[in-house]
Structures are given as C-alpha cells and as structure tokens.
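Working notes for the structure below.
The values are calculated or read from the model by the stated rules, or taken from the named source; none is laboratory data. Remember, it's a predicted structure, so these values are computed and weren't measured experimentally. Glycine gets a Cβ as well: all are built from the backbone with ideal geometry, and neighbour counts include every protein chain shown.
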Amino acid sequence: MIITTGVAYPLLVTAIGQTVLPSQSNGSQVILNGKVVGSELIAQSFDSPKFFHPRNSTDSGSGVDPDIAPDSAISQIHAISSVTGIPVNALKTLVDLDIARNKETNALVFAPDYVNVLNLNIELVKQYPEVYSQEISAKGGT
Amino acid sequence: MTYVEIVILLAVLVGSLGLAIIFGRYIARMIVYEKRPLEKTLGRVENGFYKIIGIDRYEQMTWKQYFLALIVTNVIAAGFLIVILIYQNSLPLSPKPGLSFDLAFHTAVSFVTNTDLQHYAGDQQLSIFSQMVGLIFMMFVAPASGISAAFAFIRGFIRKEFGLGNFYVDFTRIIITLLLPISFFSALLLLFLGAPQTLDSTITVGTLQGGSQTITIGPVAALESIKELGSNGGGFFGANSAHPFENPTGVSNVFECILMLVIPLSFPIAYAHLLGKGRGISILATMLIGFGVMLALGLSEQSGPVGLETRFGSFGSTLFLESSVASNTGAANASLSGMSPNAVIGFFLGMFVQAIPGADGTGMMMMIIFVILTLFLVGLMVGKTPEFMSMKINPKDVRLAAFVFLIHPALILIPSVIAYTTDNAQSILGEQTTPTTFTQVLYEYSSASANNGSDYLGTSANTPFWNWSTALVMLLGRYAPIGLMLSIAGSFTLRDRKEVVEPIKTSGFLFVGVLTVMVFILTALTFFPFLAMGPFSI
C-alpha cells in the first residue's frame, strides 16, 4: 500500500505532468524576453512606483495572493500614469484586458473579477519597453 | 446572490450530487460484493494484494475482529509516519530537520484519524519525502478506514447474518478501486488547472524588476486531490487551499468543493440502493437541509476582504469553507479569522453534528445514530416500541447510540476548560480572555474531536500541551464512536427481522422533518451555552 499510494501514485502523476503539462507542473512560470520573471500564481513585490502593486502579504489568506480587486487596480492608475506618462485610458484598457483574460481562465463565471498584478505589469513592460527599460535591467535579472 | 454566485452554487450542488449518484451505485455494489464495471480486472488486482498481505478474502469477521483489524492497521500506519517525520533529516528528497516527538506524534495521529489538524507548516517543515510517502499514503489509509467501518456498519442492517465483512478486503478494495482511480484523474485535472507536480522542493526564479524569488513547490496536485476526496484536509502548504498552488483558480475552487462532498453524499445513495429508496433519499434530504442551513448562515454576512483570497472573494471562500467543514475535511481557502461570525457559527454547527453530510463513511454512520436516537425519542412520544429496518431497537442500542452522541461534547468541553485552568490557552492567546480567543480554543477541540482539522491556532499550538491534548481528543473522537457503532451493527446483524409495516416510518417528509429537528435540538441543547460565550458574542 505504501508503495502504491505513497510512491507509485505521486510519481505517475509527476511523470504525466512533466511530460504533458510541463508549465503547470513547474509552477506556471512566466517568461519575458526569454527570461523567467516569476510565477503567475505567486505574488512578487514591486518597489518601483511605475508598477502596479499587489496586496500586503498579511492581508490575504495565503500571504502570496497574486491578484487584486479591480477597484484596487483602478485606484493605482492615476499615480502610475503621472510617474510614467502613460495615459490613464491606456492603463484602464490594460486593466480591463487582464480582467477579461482572468475571466477566461475561470470559465467566465467561476470567480469574481480580479486583476493579476504580475501579468498586468508584464503587459506594461511589453507595451512600453522604453518607459521600463531602467526598471527591468536595473539589477541585472537572472 | 448575484446570478454568477447562483451558477457557482449550482455547479457545486449538481456536480457533487450527480457524481454521488454514480459513485453511490458503485459503493452499494462494493458493500454487497456485486459485480462492478471491469470486475475481472479489478478482482485480479485485488487478489494480488490479498496474496501479498496473506489474507483469506472469504473470511468473515465479527465486529470485534473487524474493529481490531482497523485499529492494528491504523497503529502500524501511524507508527510508520512517526518514524518518517522524526528521521526525515536522514531520508531522501530535500531533507529537513526531523520533527520533535510530540509534534510527530500529533501529526501522525492527526492524519491517521482523518483529522489533519496541523501544528506545523508543511512547506517549511516537511521534506518532499515526508509529504509524499508519509502524508499522501496516510491520506488514503484514513478515509479507507472510515469507509470500511461504514461498509461493515451498513452490512449489519442488510439481512440476518449477512456478516460485517472482512476489514482487510474492504480496505484494499476501497483504496485500489475507489480512492486511487478518482484521485488520479482529479490530480490530473488539478494539474491542468495550475497545481504544480514536481519532486523539486523549491524553484528560484528571476522577478520582473530583476531580483530573484524562491518559491516552494512539490508534488502538490497528487496530494491535493486525495486531500479533498478523502475528507483529509491537511495542506501541502501552511496556507492550505488558500495557497494559489493548491487552489489556483475559481474553477479549481468549485472542483475541490465537489471532491470534498462527493463521497459523503454517495453514502445515502448507496443506502437507498441497499435498504430502501425512500430511506436513503430521506437521509440525503436531511443532510442537505443541514448543509443548507450552514451555507445560509455563512452567506448571510459578507466576509473579508482581509484574510481572503481575491480570486475567491467572500462567496467563493464561504462556499468552500462551509463545504469543507460540513464534510469534515477541514481544508481552508481563506484564513478563518477573515470569516464573518455567522460563517463561523455555521462551521461549529457542521462540526457539532458531524453528519451533514460528515466525513467519508463516518458521516453516514453518525446520521444513522441520529436516526436511532430519533426513533427512540419519537417512540417514547407516541408510545410505540421503536423499530429500525423491521428490528426492535433495544435499550442497549439506545444506550450505545447516546454514548456515541455524548462523547463528542465531552471531548470538546472538558479539554477546553482544562486548557484555560492550566493557563495553556492564555499562554498562546494572551492573558485577556475574550469571546474571540474563547472561540478559537473551542474551535480547536471541536475540530479535533470531529476529526475535522480546520483551525485558528496553526503553528502557534505547537507546544507539548496542545500537541498531546488534541492528539488524545482526536484518538478518542475517532475510535470510540467507530467501536461503539460497530458493536451496534454487530448486535443488529444477529437479530430477527419481521417483514411488517414500520411502526414509525423512516422515510418521507414527516420523517425528514422530525429527524432534522431532532438533530438540531440535540445539538443546540448540548452546545448552546458555549456558543453563547464564544461566537455569538463576537
């Protein structure tokens, strides 16, 4: 029984996962310009005022909640716009796109609307590379 | 409720009931050894296991032998887990320092009793080997033991001298042909939805701002599926199902709710197949009414947002937690301290009753105990000799059933008082005793005694007093009722059945109404004063 349930079962799931669904199996890592920049399921801290910020870790159930409510994202838009010069409307559109994308992940109805902070920030960097060139190369990422 | 919330609720109810109808039929076949789909192949695999363990599959057990076999199997498994946890530093796969003896004992008891109260944080304190070979293995043993006991219990009522079965045969069949296949497919689905599955213990990734981040990871999907299906509830991570790797999206949240509810709800369906359609459906209805009350309490008040995950919100967190506590799984997708007082009252209700629908196997047994108590009380009221399944209920059955019912409050209230009088409650919760801290202590022992496993205290309760006291409560809360219930079944199986009209019908609207009221009155009378001091005063 130990061998069947404790060894064979998890190893079989691992083997299938690593072969068929390698991205999920290894923690849903996201890649930008060929570099891994985090896991889309785990919050990471942003100290630059040019980025959207996640919740404080003590505010959520997990401490690593990667998402914020739409209101919280919208309330950050003005500050980000004034630091980066990106128009408020453009930021609003990116937030809406991210909400729409998350809705798809949740088969439209299975979760409330929310914004994934890392994905949104990656989108910002993709759309406005010149604005963020300093931030993403500052510490020479791995 | 918004229409989106109604869709989510319907998905959970329709999903779990729909699957329960399929699995209920299958479980009924397992109980009476009827032909199942793929019988030949399954039979061959099972025979292989019987040969390895050296058991005679035709040997029938008395209730005492059955109970003893269950205890022996559980003791061996718990001993094995204690050794793994203490010596995990010298075992392979990302070794971590071994646990102290009291914490290892507490954890082994907690997992073997199907409780999964955790006084440790899995992601920080356990190696991948301990999580996999230790905990995943135990997460099959615990529900298989509970389901086996329920099989024997139900067999006691089927027909005279049908026999209670053979524990080793039931245990093997339940793991190999019920739990393992469902967990396997559920693990793949969870994997697809985003739960990781790897033997690495951490990954280090760059961050967008060019820093680096170390993320704890592991064979999460395989653990998560049996954690929910087996009414276990012990998380890979300290944050349990709130952690995005255990429960990545709203879809996984709904799926995990279904997994937690499906086996407990399958039992009344199996009962309907074996002992009368009306009777089974009446029990199912009573369970669903009880669960409905818990849900209504939880949804009557907004929870969070502090302590909750954004992707679940108040509704998704409440639905998950009420399902989890109702099924005595004890998994949590939010911090309990973020939940509204009404939601917490719902949790207490679920843990006090233990049968709406309760854990895998034992929930059904507990509900039948309520049926026997109800028949006795109603029999007194109308002046008829109570009968169950055309058999007289004698004074000894009622005494044993009342014992089963009374063990629970004794195991909750006495240790709670001891924790306060010995200052052990104050030492972890502060000198000032408030309704909030009293609720947390009451919750800890309710959770331990109901073999639920959700808690407020977590790693802060990793002290010798809390480890030993809750371990003792979990052991008594698990094995004393199972022993008493098996002895009831053992005496019923020898009794004569008269095929006459039941003096008090055990099906239909009236019976559902009476049973529901009895369950609530018995529970309320027992626990009301303590709820008044705790969650009612918050």
Leading residue by the ranking (farthest from A:TYR128 (Cα to Cα)) among those in the stretch A:98-108 that are among the polar types (S, T, N, Q) and free of Cβ contacts under 8 Å to residues at least 24 places away in the same chain:
A:ASN106
Using the structure shown, decide if B:ASP397 is modelled with pLDDT under 95, of a type in the set (D, E, K, R) and within 22 Å of B:LEU475 (Cβ to Cβ).
no
The stretch B:497-538: number of residues that are assigned to a loop (DSSP other than H, G, I, E, B), of a type in the set (Gly, Ala, Ser) and over 15 Å from B:MET287 (Cβ atoms):
2
More than 7 Å from chain B (Cβ to nearest Cβ), part of a loop (DSSP other than H, G, I, E, B), buried (at least 23 other Cβ atoms within 10 Å of the Cβ) and not polar (S, T, N, Q): is that true of A:PRO54 in this structure?
yes
State which residue is surrounded by the most Cβ atoms within 10 Å (Cβ to Cβ) when the search covers only the stretch A:1-44 and only residues that are on the phi > 0 side of the Ramachandran plot and either in contact (Cβ under 8 Å) with a residue 24 or more places away in the chain or more than 9 Å from chain B (Cβ to nearest Cβ) (or both).
A:GLY38
Within the stretch B:306-320, is even one residue part of a helix (DSSP H, G or I) and within 27 Å of B:GLU502 (Cβ to Cβ)?
no
Odd one out for A:VAL95, checked against (1) farther than 20 Å from B:ILE215 by Cβ; (2) facing chain B (nearest Cβ under 9 Å); (3) touching a residue at least 12 places away in the same chain (Cβ under 8 Å)
(2)
Suppose we filter B:GLY218, B:GLY233, B:GLY156 for residues that are out of contact with any strand residue (DSSP E or B) (no Cβ under 6 Å at 6 or more places or on another chain), within 23 Å of B:GLY330 (Cβ to Cβ), more than 10 Å from chain A (Cβ to nearest Cβ) and surrounded by 24 or more Cβ atoms within 10 Å (Cβ to Cβ); which single one remains?
B:GLY233
Working carefully through the options A:SER137, A:SER45, A:SER81, find the one that is of a type outside the set (Val, Ile, Thr), over 23 Å from B:VAL306 (Cα atoms) and either out of contact with any Pro (no Cβ under 7 Å at 6 or more places or on another chain) or at pLDDT 95 or above (or both).
A:SER137
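Residue by residue, here is whether (1) surrounded by fewer than 24 Cβ atoms within 10 Å (Cβ to Cβ); (2) at pLDDT below 95; (3) within 7 Å of chain A (Cβ to nearest Cβ); (4) outside any helix (DSSP H, G or I) holds:
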site: B:THR172; (1), (2), (3), (4): no, yes, no, no
site: B:ILE176; (1), (2), (3), (4): yes, yes, no, no
site: B:PRO181; (1), (2), (3), (4): yes, yes, no, no
site: B:THR198; (1), (2), (3), (4): yes, yes, yes, yes
site: B:GLN209; (1), (2), (3), (4): yes, yes, yes, yes
site: B:GLN213; (1), (2), (3), (4): yes, yes, yes, yes
site: B:GLY238; (1), (2), (3), (4): yes, yes, no, yes
site: B:CYS257; (1), (2), (3), (4): no, no, no, no
If the requirement is being of a type in the set (Phe, Trp, Tyr), surrounded by 16 or more Cβ atoms within 10 Å (Cβ to Cβ) and outside any helix (DSSP H, G or I), which of these qualifies: B:TYR66, B:TYR120, B:TYR26, B:TYR58?
B:TYR120
Would you say B:ALA149 is within 14 Å of chain A (Cβ to nearest Cβ), assigned to a helix (DSSP H, G or I) and of a type in the set (A, V, I, L, M, F, W, C)?
no
Of (1) assigned to a helix (DSSP H, G or I); (2) within 14 Å of chain A (Cβ to nearest Cβ), B:VAL378 fails just (2)
Of the conditions (1) in contact with a strand residue (DSSP E or B) (Cβ under 8 Å, 6 or more places away or on another chain); (2) more than 9 Å from chain A (Cβ to nearest Cβ), B:THR310 satisfies every one except a single condition; which number is it?
(2)
A careful count of residues in the stretch B:403-453 that are touching a residue at least 12 places away in the same chain (Cβ under 8 Å), farther than 21 Å from B:LEU117 by Cβ and over 21 Å from the mean Cα position of the chain (by Cα) gives 2
Please work out which one of (1) away from chain A (no Cβ under 14 Å); (2) hydroxyl-bearing (Ser, Thr, Tyr); (3) buried (at least 22 other Cβ atoms within 10 Å of the Cβ) is the condition B:SER225 fails and give its number.
(1)
Could you tell me whether A:PHE110 is of a type in the set (Phe, Trp, Tyr), facing chain B (nearest Cβ under 9 Å) and surrounded by 19 or more Cβ atoms within 10 Å (Cβ to Cβ)?
yes
Among the numbered criteria (1) within 14 Å of chain A (Cβ to nearest Cβ); (2) assigned to a helix (DSSP H, G or I), which one does B:MET1 miss?
(2)
